Amino acid sequence: MSDEKYWLGCKLIPEIDKKIWFLLDIFKEPQIIWKAGQKDLAKTNLFDDNSIEKIIRRRKEIDLSFELKKLKEEKIGILTLSDPQYPKLLKEIPYPPPLLFYQGDLIKKYEYGVAIVGSRRATLHGKVIAEEIATELSSVGVTIVSGLARGIDTSAHQGALKEKGKTIGVLGCGIDIIYPRENKKLYREIAEKGSLVTEFLAGIPPFQQNFPRRNRIISGLSLGVLVIEAGEKSGALITASFALDQNREVMAIPGSIKNKLSAGPNNLIKQGACLVKDASDVLENLGLKSLVSFLKEKKLRDKEPIQLQPFEQKILDFLGEETKNIDEILRSFSEDPSFVLSQLTMLELKGYIRQAPGKNYIRTNYNEQ
Amino acid sequence: MYAKVRSAAVYGLESYQVEVEVDISSGLPNFIIVGLPDTAIQESRERVRSSIINSELEFPLKRIVVNLAPADIRKEGPSFDLPIALGILKATGQIKTNLIKDYLILGELSLDGKLRKVDGTLPISLQAKEKGVKGIVLPAQNALEAAIVNGLEVKPVNHLREALEFFNGEKEINSVQFNLESIFSGNIQYELDFSEVKGQEHVKRALEVAASGGHNVLMIGPPGSGKTMLAQRLPTILPDLSLEESIEVTKIYSVAGLLPHNSPLVMRRPFRSPHHTISVAGLAGGGQYPRPGEISLSHQGVLFLDEFPEFPKNALQVLRQPLEDGKVTISRVSTSITYPAMFTLIGAMNPCPCGYFGDRLRECLCSPSKINQYRGKISGPLMDRIDIHVEVPRLTKEELTRASEGELSKEIKERVEKARRIQRERFKGLKITCNAQMKPKQIKNFCRLTLDACNLLEKAIEELRLSARSYDKILKVSRTIADLDEKEVIEIGHIAEAIQYRSLDRNLWV
């Protein structure tokens, strides 16, 4: 598209970018905004003389073809609002981002997905749930959208990458900035198999005020938002309220009333959000009935007949739904620690349990009907 | 008037003979000591003079020159007091016989002529025996220590006057005897026992494996989880010291002046836990007159470093060579000294700067980057020398009271000794004695796996995202576990257990 460069131009001048929606109402096309003279700009009543002068000066300084070439060299793609490949779901929201920077081609053929969001300080329990639901949803072709933050976000992306890898990470900073830093590997993997998306120019650091803006894109890209573990004032709740504004489904995983991190989802449920417990619930809520049965069949088909030793089954039964510490486990069995320890490794490798820091163990839902 | 007395000094752990020559000539009264003496020896003049006078003997008002030969080695310490005093007495004719030339003499004098204990007696007596010296005269407190060496007449003296009477043939002094065999046959008791630790069974098991294979351990746990308590009990399950090992350890303690006054021989495995503010010299040994450091004091025992990441970086770097070679070499301009330092390292650290990462009861407030930074303080090469990581979770009060009494150290020790015997047999003719010391080639030779075990290990490396570094460590540790199980080939259960001891290699941490 030839108007690509004008969209980029508007983005590059902060004075215009801030008021792009009003300007589009008036001028309709970015090209016209870019070429508008001093008088036209003054007529809009949006700018004072100082700003107009600045805009005109900046416009002269910026070489649009060069800026486009630079993006191409840095392998950063752009999608504009007028681009037919611009995600349809996102286009429907109020004030969609006029310009998206992306890495990874998934976004160009993106149809629909589910957002999974939650606390940065999630518990192991929450992380395991996020990962499992993400894995199952992505196994039937649903894209997982999240924000690449610590905690639930990271687990959701990782879960999706385990299967077909359809996942979109929406950033609250420039696409060249990795935040949090420990997610470097995850960034690369998503850029390769899914898509990294942001509306911020390269080089913009992860300012606090960026994140609510980013959250509206997360919910905007999705059919529904699933909240797993969030404190009372968590950013995940902002995403959920955007979802409501954008007429998207809000779902939540309930938790114990004693757990601070369950306050967010529990409140959402109180207000009328859908209570879900697994991937099929999510699909059902979004009206993706055909996928529900597909998921069921697939689970039946994929279930390898892994045989459990009698003692392994005993440990699983003992773990139940709670996180248990190594000391509790060893104490409740009379077997040698060495034997129990080796059985725990076996169970972990077979995918039935997970180990957490501090030698805590938790059961996964693998193999459950 | 000239006299010569034999004495000896220590450099490093080795002893060398020193001849104390005394010449008394007429001239202005003066007292000079030559032969590179240090301040303690210079001050020896005052002690010698006072103690001779206070013993109601005659101190010559003449020009006295004392030479400590060989004259080109620096000498230190107060152990030349007695030889100098006896030399003066001999040169002035107060000692009438020539008995003195058969004996090696050591001892510090106090002003009233009483003798005080000196350091390094054991290496000196060992060397004296080698040189064919007939006997040794030394302070009574050091007598037992010297008597460890068989075939040496050990004559304990309490007072300068007593030494004089002995050399004049006026008094018999009975040689001190020490029956090594009888002392060694008895069981060695420790005040601590593993049965006192409640719960934490997996940590005890990890320490049992560590003791069996000589593996170094890193314990990770929040404050108050019992890391120190567990580490302190590791010596109680290590095999007893052999006589040779015991003498070697005693030599180090003798030189450092740390021998307990009631037991001349170190028979228990040492446990040292220096504070993290220790200097490099304190840890590795050194100083102007080199002394063994903490790593040598833990020779054949356990070096416990609590708050492992808080130790100065360069102090930790110093550990690398000893962990590899079992000894430490301290270089000085003129010479270099080698101390043995073959120890089991136990490091203890918190899981994160605040200490509560992964704790069930308290929330951790650290960001992942902070945790990584904290863990990064221990350098890769040092981590490479630690085979076993074990997490020590904090138990609740309720859990502690519910936990049953643990196994006795004695029972664990029996298993450890059996596993050690298997290893000694295996490594016969090689330079190593336990699994932890295996080099990559030996790992290949000695760690044979069943097919199942092999598959499991490959699967684990892939699925649990273990680092490449883990591979050899898991093999070594599983070799030890198989030895404890008395199995020739490593089985699937052994590998599975060993995988549990590599917590830090797992990506559980962020």
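The values are calculated or read from the model by the stated rules, or taken from the named source; none is laboratory data. This one's a predicted model, so the numbers in the text were calculated from it and none came from an experiment. Cβ atoms come from the backbone with ideal geometry, glycine included; neighbour counts cover every protein chain shown. To get the accessible areas, we keep the full protein, side chains included, count just its heavy atoms, and leave off ligands, DNA and RNA. Shrake-Rupley method; radii C 1.70, N 1.55, O 1.52, S 1.80 Å.
Looking across the range B:359-382 at every residue that is in contact with a Leu (Cβ under 8 Å, 6 or more places away or on another chain) and open to solvent by less than 30 Å² (accessible area, probe 1.4 Å), the one that is nearest to the other protein chains (Cβ to nearest Cβ) is identified as B:ILE378. Taking B:VAL416 as the residue in question, decide whether it is touching a helix residue (DSSP H, G or I) at 6+ places or on another chain (Cβ under 6 Å), within 21 Å of A:SER332 (Cα to Cα) and within 14 Å of chain A (Cβ to nearest Cβ). When the stated conditions are applied, B:VAL416 does not pass them. Among the residues of the range B:454-489, write down those that are basic (Lys, Arg) and open to solvent by less than 50 Å² (accessible area, probe 1.4 Å). Residues satisfying the conditions are B:LYS473, B:LYS476, B:ARG479. Of the residues making up the range B:454-472, those that are part of a helix (DSSP H, G or I), under 20 Å from B:GLY493 (Cα atoms) and more than 11 Å from every other protein chain (Cβ to nearest Cβ) number 4.
Between B:LEU57, B:LEU106, B:LEU86, B:LEU61, the distinction of being open to solvent by 20 Å² or more (accessible area, probe 1.4 Å), in contact (Cβ under 8 Å) with a residue 60 or more places away in the chain and among the aliphatic types (A, V, I, L, M) belongs to B:LEU57 only. If you go through the range A:276-312, how many residues are in a helix (DSSP H, G or I) and either open to solvent by less than 50 Å² (accessible area, probe 1.4 Å) or of a type in the set (A, V, I, L, M) (or both)? Within the range A:276-312, residues that are in a helix (DSSP H, G or I) and either open to solvent by less than 50 Å² (accessible area, probe 1.4 Å) or of a type in the set (A, V, I, L, M) (or both) number 12.
Could you identify the single residue in A:ALA243, A:ALA230 that is in a helix (DSSP H, G or I) and not aromatic (Phe, Trp, Tyr)? Unique residue meeting the criteria: A:ALA243. From the list B:ILE124, B:ILE136, B:ILE100, the lone residue that is part of a helix (DSSP H, G or I) and at pLDDT 95 or above is B:ILE124. Can you tell me which residue within the range B:349-358, out of those that are facing chain A (nearest Cβ under 8 Å) and out of contact with any Phe, Trp or Tyr (no Cβ under 7 Å at 6 or more places or on another chain), is farthest from A:HIS125 (Cα to Cα)? The selected residue is B:PHE357.
Pick out the one residue from A:ALA156, A:ALA243, A:ALA236, A:ALA263 that is buried (at least 18 other Cβ atoms within 10 Å of the Cβ), under 16 Å from A:ARG120 (Cα atoms) and over 12 Å from the mean Cα position of the chain (by Cα). The unique qualifying residue is A:ALA263.
Taking every residue in the range A:81-110 that is within 23 Å of A:ASP176 (Cα to Cα) and pairing it with any residue that is polar (S, T, N, Q) and open to solvent by 10 Å² or more (accessible area, probe 1.4 Å), at least 6 positions away or on another chain, the pairs with Cβ-Cβ distances below 6 Å are A:LYS108/A:GLN85.
Would you confirm whether or not the range B:392-406 contains a residue that is crowded, with 19+ Cβ neighbours inside 10 Å and closer than 30 Å to A:TYR179 by Cα? Checked the range B:392-406: no residue is crowded, with 19+ Cβ neighbours inside 10 Å and closer than 30 Å to A:TYR179 by Cα. If you go through the range B:271-310 and pick out every residue that is closer than 17 Å to B:GLY347 by Cβ, open to solvent by 10 Å² or more (accessible area, probe 1.4 Å) and assigned to a loop (DSSP other than H, G, I, E, B), you end up with 8.
In the range A:313-323 there is no residue matching the filter, namely being of a type in the set (Asp, Glu) and within 22 Å of B:ALA206 (Cβ to Cβ). For the range A:324-335, the candidate set comprises residues that are of a type outside the set (Gly, Ala, Ser) and more than 8 Å from chain B (Cβ to nearest Cβ); within that set, the residue that is least open to solvent (accessible area, probe 1.4 Å) is A:ILE329. Considering (1) more than 23 Å from A:VAL142 (Cβ to Cβ); (2) surrounded by 15 or more Cβ atoms within 10 Å (Cβ to Cβ), the lone condition that A:ASP317 does not fulfil carries the number (2).
For the range A:336-351, filtered to residues that are aliphatic (A, V, I, L, M) and more than 23 Å from B:ARG402 (Cβ to Cβ), the residue that is surrounded by the fewest Cβ atoms within 10 Å (Cβ to Cβ) is A:LEU349.
All conditions in (1) under 15 Å from B:ILE499 (Cβ atoms); (2) more than 8 Å from every other protein chain (Cβ to nearest Cβ); (3) surrounded by fewer than 19 Cβ atoms within 10 Å (Cβ to Cβ) hold for A:ARG354, with the sole exception of (3). In this structure, does B:ILE337 turn out to be out of contact with any helix residue (DSSP H, G or I) (no Cβ under 8 Å at 6 or more places or on another chain) and surrounded by 15 or more Cβ atoms within 10 Å (Cβ to Cβ)? Yes: the conditions hold for B:ILE337.
The residue of the range B:147-165 that is most open to solvent (accessible area, probe 1.4 Å), among those that are of a type outside the set (Gly, Ala, Ser) and touching a Pro at 6+ places or on another chain (Cβ under 8 Å), is B:ASN158. With respect to the conditions (1) more than 19 Å from B:VAL203 (Cβ to Cβ); (2) within 12 Å of chain A (Cβ to nearest Cβ); (3) open to solvent by less than 10 Å² (accessible area, probe 1.4 Å), B:ILE492 lacks only one, and its number is (3).
Within the range B:33-51, the set of residues being part of a helix (DSSP H, G or I) and of a type outside the set (Ser, Thr, Tyr) comprises B:ALA40, B:ILE41, B:GLN42, B:GLU43, B:ARG45, B:GLU46, B:ARG47, B:VAL48, B:ARG49.
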